[in-house]
Amino acid sequence: MKPAANKANAGKSGPDVRSDCYVEIELKKSGENKINLKSKVEIMYGDSTRKLINEMCNFFELKHAEITIEDSGALPGTIMARFELAVKRLFPDCEKEFLPEFNKNNYYKTTKEKLRRSRLYLPGNEPKFYPNAGLHGPDGIILDLEDSVAVTEKDAAQLVVRNSLRTIDFYGAERMVRINQLPQGLDDLKYIVPHNVHVILIPKVESADQIKQVEEKVLELKKEHGIKNDIYFMPIIESALGTLKAYEIAIASKFNCALAIGLEDYTADLGVQRTNEGTESIFARQMLVNAAKAAGIQAIDTVFSDVGDMEGLRASVIEAKQLGFEGKGCIHPRQVKVVHEAIAPEEKEIVKAKKIVLAFEEAEKKGLGVVSLGTKMIDAPVVKRAQNTIKLALLNGLINNDWRKDEIG
Amino acid sequence: MKLVKNAIGRLVPSEVNGEKQTPYQGIGKHRPTGNKAKPQISTCADYPDDGNKVVKNLKEALKKAGLKDGMTISTHHHLRDGDVLTNQLFDTIKSMGIKNIRWFPSASFPCHKHLIKYLEDGTIHHIEGSMNGPLGRFTTEGNMNGVGVLRSHGGRYQSVQDGEVHIDIAVIAAPTADPFGNSTGDRGPAACGLLGFALADSEYADKVIVATDNLVPFPCYPWQIQGNNVDYVVEVETLGDPSKIVSGTTQVTKSPDRLLIAEYVADFFEKAGILKDGFSFQAGAGGTNLAFALILKEKMIAQNIKARFIRGGSTKYLVEMLEEGLTDYILDGQTFDLEGVRSMRENPGHVNTSPFTSYNYHGKGNFASIIDAVVLGATEVDINFNANVVTHSDGYLLHGIGGWQNCLFSKCTILAIPSFRDRIPVIVDEVTTVTGPGELIDVIITERGIAINPNRKDLLKAVKGTDLPIKTIKEIYEEVNQICGGAPAKPKVNKDKVVAVIKWVDGTILDSVFEIKK
């Protein structure tokens, strides 16, 4: 290994930093490795941190290094990510990865049809937000390598996201990562594919070919690492061109599970202001919904950026639902509950859905090919919609699992 | 120093600062007999007929009060971090060449780091009260001459009335007073609300000095401290910085995780059946507790439920509930913001209480056990539900007990706490310092779930079948260790040197704080 410099650093320091650390490695001409650790949690975890650093020094065969660490209470996965990054900034050719143990709770899988009402964005280089994110109950958590990460810290976020996919329990939320715009995003894939990512969000998609490039690389990495689980894609449409090509994009891969729209970039592309009413983006949103439904996948709406305005969020979700969207992006954990409540079916929808589902189950039991309610015939898509309504009602606690009994009894 | 094991297995000294001590015996086990302490008999013949007890300055008052080496001087924390008077008091004592004072504050604040030099030069021998912030650090590192004694607000009253602590001179900061000594905290430039913490001192101290920056002609009415107990009145330029005495506005948390905890607490109130017409509760002024009160308020309005009383520390949020008719009374122990002070002054439903009525364990009952539920915090809780509020996991004293111990006697004691802070686990195997025995702590509510003390079968039954995230404390403990990378190492302490003791509400010793090896 040839060092690119004799000194490199990684991570964050300062009085406002918490749950993170700063690492500096300086290579000397001779002498033993030396660790200077200043830690907010010295008494509780100072010894175990020093042990970890020694272990990592051995792993990376680091010699004659003076290591300075300012620890503001970083979790082990974060310390590992910061230290590995400092090593890799010193030795850009270093291919070795120091992987934290995979949390046994993180092996769960996803499905293409999973509910994706809410997806919570977490900035890729801010590990302090991770451990509690899943507690707020979002359907999906997005570790973001793209817009929320400074250009100079893309390498840092890759390691933080990789380690977090392995160590952090997201409590059943679908594990999503937003990669960078292609071609840079292709380089992100090796940090996520081997670590049970469920859905890859691909930003600023404007062609089917871009999806195919991601698919090819993902399949290659899956083969290399012996990954059997399906990994799905959610292309994000964020431009006029992308909008016009939405259907092509939607059918570009069998692994596409949804199309999402990103309105900040889209309105910039049109050269208009983004408004709360959203008149300027109505075409794009309708186009996207139609493209997604035509391709048999989900349509997912943009984020609502005013985290203080919960009523505005609620209205925006209700409007999105009306247009055919099935989910909304969240940038703050407090938005999750509001989104779920707003997407939840209304009382009269539930009453109707219960009747349809019961009629369907009754018909099935009797082996009838046709479902009817009173004198009306019920089509298969209507049954499917009713089943979905019941599922949403259950998830929102509007009915309980015994609803059939209550209905019949 | 000879250490003995007390009823919960903690090592405590049998003698502190030369006085014999009783180790903690268990809840309600220690039953002292005999009579309360007796204040001196005074005669009007020794006091001016015109009722004018004003003397020139603090030094004069201290001189007249007979200040001597080794005396016990008490002060009170109702001026909180804005307190200027206490620092001036010790500047004066120092200038008089007096040594070895036992300082007996009802609590200390970071502003009192000014007094560290007097602890170093021997003006102050030791502190009995609380050792917050810099004073905590100073004490824990073994720098104080004597052993610190930490008491709850109720325990402070108990220690005075039981004669464990004899106050030679009490110095009471009074935001408004008259020359006779009648005093109140609800008005004046340094208005702080109420003076309940100074009540015991005014009754039992040999000499009582009232210092005020708002002297009004007799009578100062309504009064909270009776002039009949006061020896001297001193006019000072300022008692303190009003902006640090009460905050303009108390802040509701914005942290999504704290808000989640607050929601769980309110849900628990509802689903465990605590929330019902005529109920009562107490919640502090921390950001999570304020958020809880607001969520609870929405539930009360939605379900048309009214409380009989709410125990303060009051804030504008409680005041709003009182004014909107959601509670008949606020029984207040201290006011945290200006709205609380205003309400106390104007609203007869906003009642001024003291540690005697609310918290004193050696009385014929107190208010704390009448309350349906309290919501408190803690720095650590262990898998046996023992909790700590005075030290951190690094072994350093950082907070006082306040009314926390006294509140544990409510019908349902809830600790609303994060399961870890940064990388510091809050749910641990064994707390650094026991401040409250687990048998009095019923429910732990964290962002990772709700743990109910297995002794509370009634509560476990009440929440069965609800959607509350009920877990065992052990489950939360293990989850936190998994996140933080293993259980935290314990601080290395010098087991031969006790730097402070934690008193239980009955005056027995619950636990010790040991010197940290630097």
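The values are calculated or read from the model by the stated rules, or taken from the named source; none is laboratory data. Note that the coordinates shown come from a computational prediction; the quantities given were computed from them, not determined experimentally. Cβ placement follows ideal geometry from the backbone for every residue including glycine, while neighbour counts extend to all protein chains displayed.
So residue B:253 clears everything in (1) buried (at least 19 other Cβ atoms within 10 Å of the Cβ); (2) out of contact with any Phe, Trp or Tyr (no Cβ under 8 Å at 6 or more places or on another chain) except one condition, right? Which one?
If we test residue B:253 against (1) buried (at least 19 other Cβ atoms within 10 Å of the Cβ); (2) out of contact with any Phe, Trp or Tyr (no Cβ under 8 Å at 6 or more places or on another chain), just (1) comes out false.
Just to be sure, is residue B:513 modelled with pLDDT of 95 or more, within 25 Å of residue B:129 (Cα to Cα) and within 14 Å of chain A (Cβ to nearest Cβ)?
no
Going by what's in this entry, would residue B:346 be described as surrounded by fewer than 17 Cβ atoms within 10 Å (Cβ to Cβ), charged (D, E, K, R) and more than 28 Å from residue B:442 (Cα to Cα)?
yes
Checking the condition within 14 Å of chain B (Cβ to nearest Cβ) and surrounded by fewer than 18 Cβ atoms within 10 Å (Cβ to Cβ), which residue from A:388, A:401 passes?
A:401
Are any residues in region B:482-507 away from chain A (no Cβ under 14 Å), out of contact with any Pro (no Cβ under 8 Å at 6 or more places or on another chain) and among the β-branched types (Val, Ile, Thr), and if so, which ones?
If the condition is that a residue be away from chain A (no Cβ under 14 Å), out of contact with any Pro (no Cβ under 8 Å at 6 or more places or on another chain) and among the β-branched types (Val, Ile, Thr), then B:499, B:502, B:505 are the ones that fit.
Going residue by residue through region A:370-381, is there one that turns out to be of a type in the set (S, T, N, Q) and farther than 30 Å from residue A:338 by Cα?
yes
Among what's in region A:111-133 and is more than 11 Å from every other protein chain (Cβ to nearest Cβ) and small (Gly, Ala, Ser), pick the residue that is farthest from residue A:177 (Cα to Cα).
A:118
Just one of (1) touching a Gly at 6+ places or on another chain (Cβ under 6 Å); (2) within 13 Å of chain B (Cβ to nearest Cβ); (3) crowded, with 22+ Cβ neighbours inside 10 Å trips up residue A:39, so point out which.
Of the numbered conditions (1) touching a Gly at 6+ places or on another chain (Cβ under 6 Å); (2) within 13 Å of chain B (Cβ to nearest Cβ); (3) crowded, with 22+ Cβ neighbours inside 10 Å, the odd one out for residue A:39 is (3).
Could you grab the pairs with beta carbons closer than 7 Å, sequence gap of 6+ or different chains, first residue in region B:213-231 and surrounded by fewer than 12 Cβ atoms within 10 Å (Cβ to Cβ), second one at pLDDT 95 or above?
B:217/B:178; B:222/B:184
Of all the strands (runs of 3 or more DSSP E) wholly in region B:376-481, which have at least 2 residues that are within 14 Å of chain A (Cβ to nearest Cβ)?
B:443-446, B:449-452
For residue B:322, only one of the following conditions fails: (1) in a helix (DSSP H, G or I); (2) under 19 Å from the mean Cα position of the chain (by Cα); (3) within 14 Å of residue B:280 (Cβ to Cβ). What is its number?
Evaluating residue B:322 over (1) in a helix (DSSP H, G or I); (2) under 19 Å from the mean Cα position of the chain (by Cα); (3) within 14 Å of residue B:280 (Cβ to Cβ) leaves (2) as the failure.
Would you mind telling me which numbered condition in (1) in contact (Cβ under 8 Å) with a residue 24 or more places away in the chain; (2) assigned to a helix (DSSP H, G or I) residue A:325 fails?
All conditions are met except number (2).
List pairs: first residue in region B:92-103 and within 9 Å of residue B:123 (Cβ to Cβ), second residue in a strand (DSSP E or B) anywhere in the structure, Cβ distance under 7 angstrom, at least six positions apart or on different chains.
Short answer, once both residue conditions are applied: B:93/B:101; B:100/B:125; B:101/B:73; B:101/B:124; B:101/B:125.
Which number in (1) part of a loop (DSSP other than H, G, I, E, B); (2) assigned by TED's automatic domain parsing to the domain that holds residue A:204; (3) over 28 Å from residue A:254 (Cα atoms); (4) of a type in the set (Lys, Arg) marks the one condition that residue A:128 misses?
Answer for residue A:128: the failing condition is (1).
Scan region B:433-484 for residues that are of a type in the set (Asp, Glu), buried (at least 17 other Cβ atoms within 10 Å of the Cβ) and closer than 17 Å to residue B:268 by Cβ and jot them down.
Within region B:433-484, B:442, B:447 qualify.
Quick grid of which residues meet (1) closer than 27 Å to residue B:186 by Cβ; (2) among the polar types (S, T, N, Q); (3) under 22 Å from the mean Cα position of the chain (by Cα):
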residue: B:1; (1), (2), (3): no, no, no
residue: B:26; (1), (2), (3): no, no, yes
residue: B:39; (1), (2), (3): yes, no, no
residue: B:73; (1), (2), (3): yes, no, yes
residue: B:76; (1), (2), (3): yes, no, yes
